Amino acid sequence: MSNLFIQNTTVVSSLFPHKIRFHTDVLIEDSKITSIGKLKTPPENSLCIDGSNKLLMPGLINAHTHFYSAFARGYSNIPAVHCFHDVLKSLWWKLDRELTEEACYYSALIGCIEAIKAGTTTLVDHHAAPHAFGLNQVSKAVQETHLRACLCYEVSDRDGPEIAQRGIQENDFFLSRLQDNPSDTLKGLFGLHASFTLTDETLKTVSSLVDKHQTGIHIHLAEDQLDQDHAERNYRLRATHRLENAGLLNSKALLAHGVHLNQFERQLINKHACFLVHNPQSNMNNAVGAANLHAWHREGLSFGLGTDAMTYNMLEELRVAIWLQKLRGGDPSLGFVPATQALFQGNPKLAERIWGLPLGRIAEKGPADVILYNYQPYTDLSEENILGHIVFGVSQADVHSTIVNGKLLMHDGKLLGLDESEIYKHAKLLADELWKKMES
């Protein structure tokens, strides 16, 4: 791995607290940042990157996404839908049932490429393919593209007990493989779909394996009111209480969405130090509601920002999160603080829980996960207003370079080591075949 020398750039070391250094050099050796300051000459055998008129930031982190959804893009043969359950039945459950192992691999490969181009260096993925399964193929794509990712397989009883058991085994085997062959970049959680597609028996089985692997679950929780209605009608419990009764709430649990949580459930989540993930674009697209970020913030919950695969551009998602909270509260002063904290404070905390590394900041001896934006501000830039520049300016700029674990994955907007054109051509053939199966 060659050393990288980024010269004369503006370095945003962290955003909570705000720390900026101007006209600064950054040296990356192997997988670490070894120097931040002003170096007179580049070290020998270093690849030099001109950082002038650019902004160096920590790599962005996506706390919840779905690589497998890639081939839904442009698919329009969907009957009229009137609720969230219709969306699942008419699109997502049709698509995931037809995925092959090869389609799982290419879906993940495409997701990783789009993440690199958007400056997203770390992703927490939730995979579903009830006939292919395919976690090995997803992990292969992640490792070939050199991103950081935490993977899981979505266990569900919706396709019957045999498929549910296969899903349980998929997680068990994958987590065992990671324990036998530890990776700096690849991690795992135990995936579950949602309370309304899971039986108590399945939750009990999963709980024993979560204990065995000393891990946490990654689940959709209270995304739609359907999740709560089903739990109350069938178990006389809220969805969060079902998870607690099964012993599945712990400090490693990742709970996506949380749109329809009441105060008692939020207290329960806080008690167990679980991590909530807000996905505003998806929630709006599915018309399921808007999570109350201000309540989460006020009550001291741990939470971050995901995209639910609507995009890999985390600054796009951030902007939507801000606007949605303003609209939800009918107050233009709302949204900015909890949304920016979700991305720039919450997501790094989640990544540190999973990887045990200080991701989401730039520091000497720290991991070299950084991105370089083409950004020349035409107004004053300071620590006091950096968030305003990011939300209203940097979000509209191009990513120049993406670096993960010290490896340069994209330079001057060009992917390195990946033939994007050939990958997309083959993906198109797979998508054509998949769409035919979905319509048959």
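What follows draws every value from the coordinates through simple rules; no lab data is involved. Note that the coordinates shown come from a computational prediction; the quantities given were computed from them, not determined experimentally. Glycine also receives a Cβ, built like all others from the backbone with ideal geometry; neighbour counts cover every protein chain displayed.
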### Query
Going from the alpha-carbon gyration tensor of the range 140-276, what semi-axes, largest first and in whole Å, does one get by taking the root of 5 times each eigenvalue?
26, 17, 13
### Query
Which of the trypsin sites (Lys or Arg not before Pro) found in the range 333-408 are loop residues per DSSP with 12 or fewer other Cβ atoms within 10 Å of their Cβ?
Lys365
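State which entries of Lys89/Lys187; Lys54/Lys117; Lys32/Lys187; Lys117/Lys326 exceed 23 angstrom in Cα-Cα distance in the structure shown. Working shown, then result.
Details: Lys89/Lys187 30 Å; Lys54/Lys117 16 Å; Lys32/Lys187 19 Å; Lys117/Lys326 29 Å.
In this structure, Lys89/Lys187; Lys117/Lys326 exceed 23 Å between Cα atoms.
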### Query
For Ile20, which sequence-distant residues (separation of 5 or more, or a different chain) have an amide H within less than 5 Å of its own amide H, given hydrogens modelled in the peptide plane?
Ser13
### Query
Is the shape of the range 60-355 rounded, prolate or oblate, going by the alpha carbon gyration tensor and its root eigenvalues a ≥ b ≥ c, with a/c under 1.5 for rounded and a/b larger than b/c for prolate?
rounded
### Query
Under the Karplus relation 6.51 cos²θ - 1.76 cosθ + 1.60, θ = phi - 60°, what is the ordered set of whole-Hz ³J(HN,Hα) values for the range 318-333, x standing for Gly and Pro?
4, 4, 5, 4, 5, 4, 5, 5, 4, 5, 4, x, x, 9, x, 7
#### Entry: Karplus 3J(HN,Hα) series, Hz, for the range 230-239 with 6.51 cos²θ - 1.76 cosθ + 1.60 (x for Gly, Pro)
5, 5, 5, 6, 9, 10, 6, 9, 6, 4
### Query
Which residue, Asp211, Asp125, Asp227, has the most motion in a Gaussian network model of the chain that connects Cα atoms within less than 10 Å?
Asp211
### Task
Kindly provide the trypsin sites (Lys or Arg not before Pro) of the range 196-263 that DSSP labels as loop, not H, G, I, E or B, and whose Cβ sees at most 14 other Cβ atoms within 10 Å.
Arg236
### Task
Collect residues whose amide H, placed 1.01 Å from N in the peptide plane, falls under 5 Å from the amide H of Ser302; neighbours closer than 5 in sequence don't count.
Leu276
### Message
Please list, ordered by chain and number, the residues whose modelled amide H lies under 5 Å from the amide H of Thr34; skip anything fewer than 5 residues away on the same chain.
### Response
Leu27, Ile28, Glu29, Lys365
#### Entry: Per-residue HN-Hα couplings for the range 390-406 [Karplus 6.51, -1.76, 1.60; θ = phi - 60°; Hz; x = Gly/Pro]
5, 5, 9, x, 4, 4, 9, 8, 8, 7, 8, 9, 10, 10, 10, 6, x
### Query
Out of the range 18-91, which trypsin sites (Lys or Arg not before Pro) are coil in DSSP terms and have no more than 10 other C-beta atoms within 10 Å?
Lys40, Arg73
### Message
To the nearest 20 Debye, how big is the dipole of the chain about its Cα centre, given +1 on the beta carbon of each Lys and Arg and -1 on that of each Asp and Glu?
### Response
740
### Query
What ranking of Cys274, Cys83, Cys150 emerges when the number of other C-beta atoms within 10 Å of each C-beta is taken as an exposure proxy, fewest first?
Cys83, Cys150, Cys274
### Query
Build a GNM of the chain with springs between Cα atoms under 10 Å: which of His193, His131, His66 gets the top mean-square fluctuation?
His131
### Query
Among Phe303, Phe133, Phe264, whose mean-square fluctuation peaks in a Gaussian network model of the chain (Cα, cutoff 10 Å)?
Phe264
### Task
Only helical DSSP H runs with n ≥ 4 go in: add -39500 (n - 2.57) per run for the chain, normalise by residue count and round the 222 nm mean residue ellipticity to 500 deg cm²/dmol.
-11500 deg cm²/dmol
